[in-house]
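Some notes on the structure that comes next.
The values are calculated or read from the model by the stated rules, or taken from the named source; none is laboratory data. Please read these numbers as outputs of a predicted model, since none were measured by experiment. Here the Cβ is made from the backbone with ideal geometry for all residues, glycine too, and neighbour counts use every protein chain on show. Note: accessible area is taken over every heavy atom of the protein model, side chains too, but ligands, DNA and RNA are not part of it. Shrake-Rupley method; radii C 1.70, N 1.55, O 1.52, S 1.80 Å.
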Amino acid sequence: MAPQRFHEQFEQIQRSMPDVPLAMGPDDSAEFLYEKGVVLARDGEEARVVEDTVRQHFTTFAGLTADHVRRASPETNRSGITRIQVGDPGQGDRSGDPAVAGALHALRATEGRAGRRLVSRNHVVSIAVNACPGDEPVPAPLTQQPNPAAAEGTYDPDTAVGVLVVDTGLMRDYSSYPLLAHTDGDLQVKECDDDGILQQYVGHGTFIAGLVAAVAPNTGITVRNTLNDAGAILEYEFGDKLFEAVERGGWPDILSLSAGTSNGRTDGLLGLAAFMEELRTRRTLLVAAAGNNASATPFWPAAYADLPEYADSVLSVGALRADGEFGACFSNHGPWVKAYAPGERLTSSLTGFDVPVPYVYQHSTYDACRFGFAYVCTCQSPRHTGVLSEERAAAPTGKPDQVMFEGFAHWSGTSFATPVVAGMIASHMTAHKETDPRVARTQLLASSTEYAEVRGAHVPALRPPTWSPVPVVPLSPPA
């Protein structure tokens with residue numbers, strides 16, 4: 001990912017979390033975002049070891065001060081993780097945090113002796129960690145059918161597969177979209193700003209619920225607004241919020257999650273450790289997006305699918321190109337991505353259908369897509385403000401143009417390949433009267449004979465029967 005795009009994502013998320021100073025890491029590259037001045041440790045004895053070791057290390061070495069080393073959260077909580085302040089969040093800049101780097105270094109020897117990680121940054125988990133959800137939503141006419149189209153089938157409350165979508169909340173008029181008749185959950189906290197512009201990633205959860213419902217009519221869908229702040233949340237809070245989401249309505253058959261983060265490691269996120277351990281003991285299947293960094297670096301929690309102890313409970317999903325034959329240019333990839341599904345130029349409901357005044361989604365001015373494809377895209381230059389982009393001249397006044405959403409939209413990203421797969425598993429459960437989603441996942445993958453090519457590798461491709469490929473129109477690559 002280009003550093004400039006990451007800086008723009010930094011600004012976007014920092015605006016949504018004004019009270020949480022953030023930095024980019026690891027300190028020698030822009031790969032993820034994390035909270036400055038704070039590290040995470042497991043509750044109890046390990047937290048005490050981390051706190052004491054960091055304080056001793058900072059007292060011994062020049063350039064570091066132990067004045068700020070203290071607990072920054074209750075010593076026990078549902079996620080089993082404690083925040084420990086190790087420095088002044090006002091020190092350092094966005095490119096790194098000396099106190100956090102020093103704290104991680106202080107625990108290296110102790111971690112080596114323990115044989116496992118004891119300390120972690122407090123990463124930002126986000127819908128679009130690199131400000132590129134593939135592309136941003138583009139209005140589609142009401143006369144256009146959803147893609148995937150609605151599958152045949154009926155809803156039976158006694159046999160409906162429970163699908164929990166952890167994302168942004170539902171739009172206030174979501175129920176006016178017929179496919180969402182059996183969907184409920186949290187509304188978006190604030191849809192528009194004071195100028196009537198849709199907030200960042202508003203409609204994302206509604207769009208995803210529409211995809212699940214289209215592929216699998218016999219589903220009861222619940223959408224939680226866990227990622228209400230520009231699609232982002234701190235790792236420390238996310239563990240608790242996931243527990244809260246599953247406990248409010250019970251553990252679902254399928255949990256669809258289109259967010260995550262890389263962390264430069266191969267052993268997962270410390271803040272999610274307790275939730276992932278609990279997940280192993282349940283029958284719920286976590287279907288998680290592989291991320292949009294065009295990278296082979298593990299993206300969590302999707303990459304838990306590649307760890308033997310979690311392989312049964314997690315399915316990681318990458319995105320196929322609009323024609324379904326190759327991987328989408330933005331999709332993460334690698335052996336930790338276990339299945340690919342259509343994720344480019346899908347069509348679903350962004351808002352609903354009874355909005356008295358059409359929503360306004362602001363966009364800015366860009367050059368052509370860096371990958372050379374003919375759709376509006378945030379993978380562009382010279383800058384990105386986190387709103388809809390389009391290749392066109394700027395208005396003479398310098399004000400961005402505006403576009404109207406009155407229901408359907410086109411959208412791309414692994415965010416949307418994920419609910420397509422969740423829907424296919426749910427549909428398989430209904431068709432085969434299978435009550436175990438993990439068994440259904442295994443059966444679906446085993447019975448599929450379809451493949452696609454991703455970065456030269458042949459990978460399992462899950463294409464729903466009602467999905468229609470969209471022609472790919474390559475443009476001349478930018479100079």
Distant-in-sequence amide H partners of D43 (H built 1.01 Å from N, under 5 Å): I81, T82
Protection proxy ranking of 138-146, 411-419, 179-187 - average other beta-carbon atoms within 10 Å, highest first: 411-419, 179-187, 138-146
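Report the relative contact order of segment 174-298, percent, no decimals, based on alpha-carbon pairs under 8 angstrom and at least 6 residues apart.
It rounds to 23 percent for segment 174-298.
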Förster radius 35 Å - calculated FRET efficiency between L307 and T435 (Cβ-Cβ, nearest 0.05): 0.85
Solvent accessible area, Å² - V163, 1.4 Å probe, full protein context: 0
Relative contact order of segment 186-250, pairs being alpha-carbon contacts under 8 Å that are 6 or more residues apart, as %: 32
Environment charge at I127 (Cβ cut-off 12 Å; Lys +1, Arg +1, Asp -1, Glu -1): -3
Built amide H within the under 5 Å cut-off of G185, gap 5+: V223
Euclidean distance of C-alpha centroids, segment 213-292 and segment 42-61, integer Å: 30
Cut-off 12 Å between beta-carbons: net charge of the residues surrounding G327, Lys and Arg +1, Asp and Glu -1: -2
Summed side-chain charge close to Q91 - residues other than Q91 whose Cβ falls under 13 Å, Lys, Arg +1, Asp, Glu -1: -2
Solvent-accessible surface ranking, highest first, for V49, V86 at 1.4 angstrom: V49, V86
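Hey, can you find the accessible area per residue of segment 46-195 for me, probe 1.4 Å, expressed in square angstrom?
46
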Segment 126-196 versus segment 401-439: alpha-carbon centroid distance in Å: 9
Mean Cβ neighbour count within 10 Å, used as a protection proxy, ranking 285-296, 231-242 highest first: 285-296, 231-242
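How large is Rg over Rh for segment 151-218, taking Rg from the Cα atoms and Rh as the Kirkwood inverse mean of 1/r across Cα pairs?
Ratio of gyration radius to Kirkwood radius for segment 151-218: 1.03.
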Residues whose placed amide H lies under 5 Å from that of G343, excluding near-sequence neighbours: L320
Peptides 311-317, 264-270, 433-439 ordered by average Cβ neighbours within 10 Å, highest first: 311-317, 264-270, 433-439
